[in-house]
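**Q** Before I ask anything, let me first share the structure, which is written out below as structure tokens.
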Amino acid sequence: MVGMQRALLFRKSPIVIVRNFIALQFASAGLYVFAGSLVYYARIWRAQPLLGAVPFELAQVVFIFCAEAALVLYIFFSWHRQTVRISGNQLVCDQGILVRSHTTVPFSRIATVVFTQSILGRLARYGTIVVRDSQGALLVRLMNMPEPQELVDVLTERKMVHTNEDAEPLRLVAEAEHERLERKSTLRWDLRARAVNKTLERAALKTVAAFMNTRGGDLLLGIDDQGGAVGMQHDISTLARKDADGLENHFSNLLAAMIGPSFRQFVRVKPFTYQEKLCMLVSVAPADRPAYVRDQETEEFFIRTGNGTASLKMSEANAYIATRFSA
């Protein structure tokens, strides 16, 4: 159950402590030297009646030590107090030392999760994670997170679980096809020719890409147009690994080859049994960038129109993309 999943706690990469310390060290040293060029510290110190008895050199060492200690403590506690928690059905971000900032993002609002890395980030394995809603609006930006790909995978999995809680397969089977729901009897097995037909695979991936480019949706595999169970046994029999996991792996490979591996985060695959036959639900979230279906040297752009999938011409696709994926 989703509600029983344990809470997960993340902190920024420890490399940020070193990076920030070096940056502030140079900034504070530069400021001190610059101010020293304008003001003669020793003369001011010795001119004070109560302070003149203490050697300026000793006072300078004590001042620098205290300043360094305060700098180190500030940087450490700033890092330690900035946390990201995945708890229940929400993402919780806390930061601040004395004044705490608390941001909560329900998984139901999350549509896309992506990350970027600088050159140093790639070397030190940290990056910035950007979380947006279905309209492309920024929900939260998580800076300097360690192993960003792993955290993106965790967020995506939790997000897909929560945003698709109501997408129960048996409920969807009973619905008529619409903009966000389509059925296909098989993934790759041609029931008439009784052989593998890769055109069917491409048709399924066209639907997945169209869902990504529109408002998301659900693809039921193993269910015919009348809502009856065909099952996936024919598809599974054509694979090297003849079980549900083998079918999911094959689907993931198809998606990586035809659309791209980076789009796997927008897809959740859920096997289910209907009328005593194994079927599969493919739940697709809206993507944060255009998804194209590749076929050798060509690429096509698809969207959902009503209960069908339509291919757009280049001019139409450009206009649609400018609107749908605008910042």
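The values are calculated or read from the model by the stated rules, or taken from the named source; none is laboratory data. Every value quoted in this text rests on a predicted model; they were computed, and no experiment measured them. Cβ placement follows ideal geometry from the backbone for every residue including glycine, while neighbour counts extend to all protein chains displayed.
**Q** Quick one: what pairs do we get from the range 18-36, first residue over 14 Å from Val72 (Cα atoms), second among the basic types (Lys, Arg) and modelled with pLDDT of 80 or more, C-beta under 7 Å, 6+ apart or different chains?
**A** From residues that are over 14 Å from Val72 (Cα atoms), there are no pairs.
**Q** With the requirement that a residue be closer than 27 Å to Glu299 by Cβ and free of Cβ contacts under 8 Å to residues at least 12 places away in the same chain, what does the range 251-287 give you?
**A** Scanning the range 251-287 gives Asn253, Ala256, Pro261, Ser262.
**Q** Could you tell me whether any residue of the range 269-284 is in a loop (DSSP other than H, G, I, E, B) and either in the same structural domain as Glu150 (by TED's automatic domain parsing) or at pLDDT below 90 (or both)? Before the answer, list the steps.
**A** Initially, the range 269-284 is screened for residues in a loop (DSSP other than H, G, I, E, B), giving 275-276.
Retained after the next criterion (residues that are either in the same structural domain as Glu150 (by TED's automatic domain parsing) or at pLDDT below 90 (or both)): none.
Looking for residues that are in a loop (DSSP other than H, G, I, E, B) and either in the same structural domain as Glu150 (by TED's automatic domain parsing) or at pLDDT below 90 (or both), one finds none in the range 269-284, hence no.
**Q** Go over the candidates Val92, Val131, Val72 one by one and state the one that is under 14 Å from the mean Cα position of the chain (by Cα) and surrounded by 14 or more Cβ atoms within 10 Å (Cβ to Cβ).
**A** Details: Val92 fails: under 14 Å from the mean Cα position of the chain (by Cα); Val72 fails: under 14 Å from the mean Cα position of the chain (by Cα).
Among Val92, Val131, Val72, only Val131 is under 14 Å from the mean Cα position of the chain (by Cα) and surrounded by 14 or more Cβ atoms within 10 Å (Cβ to Cβ).
**Q** For the structure I just gave you, tell me whether Ser262 is within 14 Å of Thr112 (Cβ to Cβ), assigned by TED's automatic domain parsing to the domain that holds Ile223, surrounded by fewer than 15 Cβ atoms within 10 Å (Cβ to Cβ) and not basic (Lys, Arg).
**A** On the way: within 14 Å of Thr112 (Cβ to Cβ): yes; assigned by TED's automatic domain parsing to the domain that holds Ile223: yes; surrounded by fewer than 15 Cβ atoms within 10 Å (Cβ to Cβ): yes; not basic (Lys, Arg): yes.
Judged against the criteria, Ser262 is a match.
**Q** Can you tell me which condition Leu142 does not meet? The list is (1) buried (at least 21 other Cβ atoms within 10 Å of the Cβ); (2) of a type in the set (A, V, I, L, M); (3) under 29 Å from Tyr320 (Cα atoms), and all the others hold.
**A** (3)
**Q** Also, I was wondering about something else. Do the conditions hold for His162, that is, is it modelled with pLDDT under 75 and not aliphatic (A, V, I, L, M)?
**A** On the way: modelled with pLDDT under 75: yes; not aliphatic (A, V, I, L, M): yes.
Yes; evaluated as a whole, the condition is true for this residue.
**Q** Continuing with the same structure: Of all residues in the range 288-327, how many are assigned to a strand (DSSP E or B), in contact (Cβ under 8 Å) with a residue 24 or more places away in the chain and either within 26 Å of His234 (Cβ to Cβ) or out of contact with any Phe, Trp or Tyr (no Cβ under 8 Å at 6 or more places or on another chain) (or both)?
**A** 6
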